[in-house]
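These notes are about the structure you will find just below.
Nothing in this text is a laboratory measurement; each read-out follows from the coordinates by a stated rule. The shown structure was predicted, so the numbers you read here are calculated from the model rather than taken from an experiment. Cβ: placed from backbone, ideal geometry, glycine included. Neighbour counts: every protein chain shown.
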């Protein structure tokens with residue numbers, strides 16, 4: 001009997017393995033004020049295609065200007081349905097800033113009811129509860145503190161990490177996009193350092209990847225408001241994110257071949 005040999009068709013040879021990346025963030029990841037091609041997620045995709053062309057890199061950028069973690073919570077189902085290999089979570093600047101939004105507060109209340117009550121775990125009981133319990137009146141203090149409290153930020157961000165892991169995706173938490181130096185002492189952003197500390201703590205406690213981007217940038221990295229990035233700032237941020245794809249835990253999770261010296265570097269270094 002002739003020995004059987006397996007053959008791979010040309011189409012099979014050319015087929016690339018998919019690597020799906022989902023990004024959920026705010027105006028920075030959305031590339032506010034710039035053409036879409038200059039947003040750091042698109043620049044990241046370019047670098048991934050250039051360095052690992054054997055993969056079919058697919059990107060879902062679900063970032064919306066002005067979003068907080070409660071805003072992202074109400075649309076996180078789109079991330080789960082995408083079945084990503086990795087979820088980059090780039091939120092926090094709008095959470096920590098001193099502001100007040102009744103919509104955000106209602107979404108925080110929705111998260112608490114859905115995810116932090118025993119009946120909220122059941123879709124049926126949740127629907128009944130929402131009908132029986134009228135929404136509470138949202139009162140905004142004249143001198144509002146952070147838009148999303150530290151406790152709510154911690155709870156929702158931790159929930160996003162767990163939900164990503166539940167669909168076999170690696171969650172990666174980005175520290176807050178750096179602000180222009182002139183805003184460092186601005187009262188509207190005085191709490192940002194505390195939120196960065198929470199992001200680092202959650203990454204350490206949950207096994208999520210930590211991507212440190214909150215470091216000094218070139219003087220021309222910001223638009224006039226000192227918050228949003230110029231094309232140069234977006235490129236610098238993209239490079240900081242990309243470097244983490246050469247290190248654990250992202251590189252081994254995605255099956256990326258990297259030089260041994262880079263593979264041994266600590267994930268937080270850049």
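Condition check for residue 217 on (1) closer than 26 Å to residue 54 by Cβ; (2) outside any strand (DSSP E or B); (3) in contact with a strand residue (DSSP E or B) (Cβ under 9 Å, 6 or more places away or on another chain): one failure, at (1).
Scanning region 192-210 for residues that are more than 19 Å from residue 166 (Cα to Cα), surrounded by fewer than 19 Cβ atoms within 10 Å (Cβ to Cβ) and touching a strand residue (DSSP E or B) at 6+ places or on another chain (Cβ under 9 Å) turns up 194, 200. Being crowded, with 16+ Cβ neighbours inside 10 Å and out of contact with any helix residue (DSSP H, G or I) (no Cβ under 8 Å at 6 or more places or on another chain) is the filter; apply it to region 34-69 and report the residue that is nearest to residue 152 (Cα to Cα). Among residues in region 34-69 that are crowded, with 16+ Cβ neighbours inside 10 Å and out of contact with any helix residue (DSSP H, G or I) (no Cβ under 8 Å at 6 or more places or on another chain), the one nearest to residue 152 (Cα to Cα) is 45.
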